[in-house]
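Just so it is clear, none of the values below were taken in a lab; they were calculated from the coordinates. Computed from a prediction, not measured in an experiment: that's the story for all the values here. Glycine also receives a Cβ, built like all others from the backbone with ideal geometry; neighbour counts cover every protein chain displayed.
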Amino acid sequence: MELSLPGLVMLQMLCLATGYPNGAPTGACEDMTPRHTGVVPQPSPAPYTLLVNTGTFQPGKAITVTISGPEYRGVLLEARTDGSTNALGSWQHPAPDTKFLQCTGNPQGAITHANTNLKGESTAYSWMPPDSTSPVYFM
């Protein structure tokens, strides 16, 4: 079964100010909001683009999701269906300086930063879709 990936993609970048140098907390999974003390979400669009290697997906066939833009230190990346706060599918082989984050009981439900090292201007992540018939959004 082949499904389309909607053109809408969002990336929520976490600003590393006064906390979480070893990754986003699990509590950030639901609303994708930074939990840093004294930091509010960025009101302007992020200077990053999420690129996928295909416009369709098949359950069990990995998709490459690439973050493109300026170097960054913090990240929280999830796949979801519309209207859901549950992490969908599972991420495979985190890129250097990143790691899995358990979200909504899914041990590989999200990717987050593992340290404050700069991540490159183009970082690729591999995501494995589940058996689903719903459109998928990366955020």
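The value obtained for the chain, namely the Cα convex hull volume divided by the number of residues, is 98 Å³ per residue.
Mean sequence separation of contacting Cα pairs (under 8 Å, at least six apart), scaled by the length of the chain, corresponds to a relative contact order of 33 percent. Modelled label positions at Thr54 and Thr33, each set 7 Å beyond Cα in the direction of Cβ, lie 3.6 nm from each other. Dividing the helix sum by the residues of the chain, where each DSSP H run of 4 or more adds -39500 (n - 2.57), gives a mean residue ellipticity at 222 nm of -500 deg cm²/dmol.
Please compute the modelled spin-label separation between Thr133 and Glu121, points set 7 Å along Cα→Cβ, answer in nm with one decimal. It is 4.4 nm. Using the Cβ of Trp127 as centre and a radius below 14 Å, the other residues enclosed give a net charge of +1, where K and R count +1 and D and E count -1.
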